1. If you stretched the chain out fully between Gln36 and Thr202, how much longer would it get, using 0.36 nm times the residue separation minus the C-alpha to C-alpha distance?
2. Within the set Lys94/Lys129; Lys195/Lys229; Lys94/Lys199; Lys182/Lys247, which residue pairs have Cα atoms separated by over 19 Å?
3. Using only Cα atoms and rounding to the nearest 10 degrees, what angle (0 to 90) does helix 275-285 make with the longest principal axis of the chain?
4. With viscosity set to 0.692 mPa s and temperature to 37 °C, compute the Stokes-Einstein D of the chain, Rh being the Kirkwood radius across alpha carbon pairs; µm²/s, no decimals.
5. Once you charge only the Cβ atoms, +1 for Lys and Arg and -1 for Asp and Glu, what is the size of the charge dipole of segment 254-422 about its Cα centre, to the nearest 20 debye?
6. For Ala70 and Asp381, compute 0.36 nm times the residue count separating them, minus their Cα-Cα distance, and round to one decimal in nm.
7. Using 0.36 nm per residue of separation minus the Cα-Cα distance, give me the extension gain between Asp351 and Leu57 in nm, one decimal.
8. Report the local net charge at Ser31: Lys and Arg +1, Asp and Glu -1, summed over other residues whose C-beta lies under 9 Å from its C-beta.
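Taken together, the values in this text are just the output of simple stated rules run on the coordinates, not laboratory data. All values reported here derive from a predicted model rather than from experimental measurement. Cβ: placed from backbone, ideal geometry, glycine included. Neighbour counts: every protein chain shown.
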Amino acid sequence: MPTRTTYVYMHLSEGPVPAGRLDMTEEGRNSYATFQYGNRYLGRSNRVAVDPAVLPLPDPDATPQTFRTAEGFELFNGIRDAAPDGWGRYLMHKAAGTQNLTEFDYLIASGNQRVGALAFGPDPVGGPKRMAPWGEEGAVGEQFDLAELAEAAERIQSVEQLEPDLKLLLEAGSSLGGARPKAAMIHDGVPWIAKFSAKSDTYAVCRAEFAVMRLAKECELDIPETDFKTLLNRDIYLIRRFDRNIKDSQLARIPFASALTMLEAHEIAAHEYSYREIAEVLRRYGADPRRDLRELFRRMAFNILVGNDDDHLRNHAFLYDGRDWRLSPLYDVVPRPHVGSRGRLILGVGDSGHDATLANALSGTANFGLKREEAAALLEDLRERVNNRWHAALTEAGLGRVDIERLASCFAEAGKSDWQKDSLGPPL
């Protein structure tokens, strides 16, 4: 029953400061973690909760409190947000060779590019330090150009173990969430994330994501800046990091929490949640809930209209604005062809559960603080914008005829001008 320890740092305006101590006891399925804030951290006026849902900031004058994960949780979700997902773990697995990595290893071996403002180190005075089982070698992603990163991301999908010249991806990509190949980098002097094609892609995913994000901007949704490059015949979709900011020529890290964290949800049960529960989070923690509830409602509708059925709780997030939490900009929106006449979202939409229809979205308007007439007008406005532009947006992004025909089913709901006939409730 080994217990392993790391110190959790929070990047504040003055840089990384020790926030507390994390201990993880590894017992297979019964693994658990404990956390205790440091007294000096609690005394700071600009302190931020490591996990706003289950690790609230105690009174600095109160008896020190030790938090323990709930049953079935190896780590606190707010800390787990700072660990890698599929792609980062894939890279670490290649680097570790025959070594078996635990949840704790993934956390402490993740590099400087991790999402949000958390960092980790072996002691409370030496600052953040990457502790990788395979050694400390590795390169800083920003030292490599985009073509090198793209080539490495493609080649690494065909090797059994990380070769020396591929270790540039460890720092550039192992910290990041999501399942697709990606790397952190500097683009035009500011932090961005580059997303690359995967060998398993059956259509031009990078171009499709770029297209629908541009479409989201035309629909006046809150999105980060995006860009697209083709280098050495490789597609690269670029998205500016919204958890980083340049202030007075210094890089600032913005505290981040996924909806999974805010809802205290378990990953395997994420499909049991709905947009209504995210709306409740905004009411409880939000700095500007009225604005963000309207934005969330329109995002839900946009996901329906573009066939993005990967709207799980890690693909919704919150940023700390120095006072409270705000809905982050939109990200990870990709049209995915579905089988059948009606799509479904991962999160619940309205009275008809997960059905991806505007009528279902309209049934839950009260959850977002909207009147039915206002909500219907918002939905119809979005529908018309998407319907008028989706084909051109895909074409402008360089998708070919076959890919556009395959993706057409994703936009079927946008073509239904009579959708309100299926709405619950009296006619508008």
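1. 55.1 nm
2. Details: Lys94/Lys129 21 Å; Lys195/Lys229 10 Å; Lys94/Lys199 17 Å; Lys182/Lys247 25 Å.
Table pairs above 19 Å Cα-Cα are Lys94/Lys129; Lys182/Lys247.
3. Once rounded, the angle reads 50 degrees.
4. Details: Rh = 22.6 Å.
Estimated diffusion coefficient is 145 µm²/s.
5. 240
6. Separation in residues times 0.36 nm, less the Cα-Cα distance, equals 107.6 nm.
7. 102.2 nm
8. Local charge sum for Ser31: -3.
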